[in-house]
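Visitor: Here's a structure for you.
Throughout, read-outs are computed from the coordinates displayed, never taken from laboratory work. Everything quoted here is computed from the prediction, not taken from an experiment. Every residue, glycine among them, receives a Cβ derived from its backbone with ideal geometry; neighbour counts consider all protein chains shown.
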Amino acid sequence: MTQPKQGALLETAGDGAAVAPPVDEAFFERLRAMSDKFAAGVPGSIVRLQALAVQFDAAQPAAALAEELRRVLHTIAGSAATFGYRTFGTQARVLEQRLRVLQAFEQVGAAEWRSWLHSLEHYLQWARVDARADNFPTENGQENI
C-alpha cells in the first residue's frame with residue numbers, strides 16, 4: 001500500500017486505513033448563502049439589463065450605456081456558473097463578447113446594434129422563464145445544448 005504524499009488531505013485511522021478529512025460544514029453553509037444571494041439577484045439583473053436595453057438607441061448608441069450593459073453581462077458571465085446557472089452565464093459571455101466587438105469600432109451601423117439588441121432581448125426572454133435552465137434556444141427556435 002502506498003503512502004499519501006506529505007501534505008495530502010487524507011488522514012489515517014488507527015488501523016492505517018486512509019480516511020477523508022472532516023467536511024467543513026461552515027464552508028458549505030457560506031457557499032449556500034452566496035448561492036442563495038446570487039439566485040435572489042437574478043431577477044434584478046434581468047430587470048437591469050432590460051431597463052438599459054430600452055434606453056439604448058441603435059441609431060445613436062451612447063458609449064456609457066453600452067459600457068454599463070457590458071459590465072452587467074460581464075458580472076453575470078463571471079459568477080453564474082459557480083452557482084448553478086451555467087447557460088445563463090455562458091450566454092451572457094457570448095453577448096458580452098459581441099458587444100466588445102461592436103464597441104471596438106468607431107462606426108457601427110444601426111442594423112448591427114439592432115441585431116445585438118435583438119439577441120439581448122432573446123436572452124432576457126429565455127432568462128425570465130428559467131435562468132437556471134441548461135438549454136438555450138437559438139434565435140430561430142432551435143435548442144442549443
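Visitor: Assuming R0 = 35 Å, can you tell me the calculated FRET efficiency for the pair Ala59 and Asp36, based on Cβ-Cβ distance, to the nearest 0.05? All intermediate terms of the calculation are to be shown ahead of the outcome.
Guide: Values: r = 41 Å, r/R0 = 1.18.
Calculated value: 0.25.
Visitor: Still on this structure, please answer the following. Report, by chain and number, residues whose modeled amide H sits under 5 Å from the one on Phe136, excluding near sequence neighbours (fewer than 5 apart, same chain).
Guide: Asn144
Visitor: A further question on this structure: Mind listing the phi-derived Karplus ³J(HN,Hα) values for the range 105-117, rounded to whole Hz, using 6.51, -1.76 and 1.60 with θ = phi - 60°, and x for any glycine or proline?
Guide: Working through the residues one at a time gives 9, 5, 10, 10, x, 4, 5, 5, 5, 5, 4, 5, 4 Hz.
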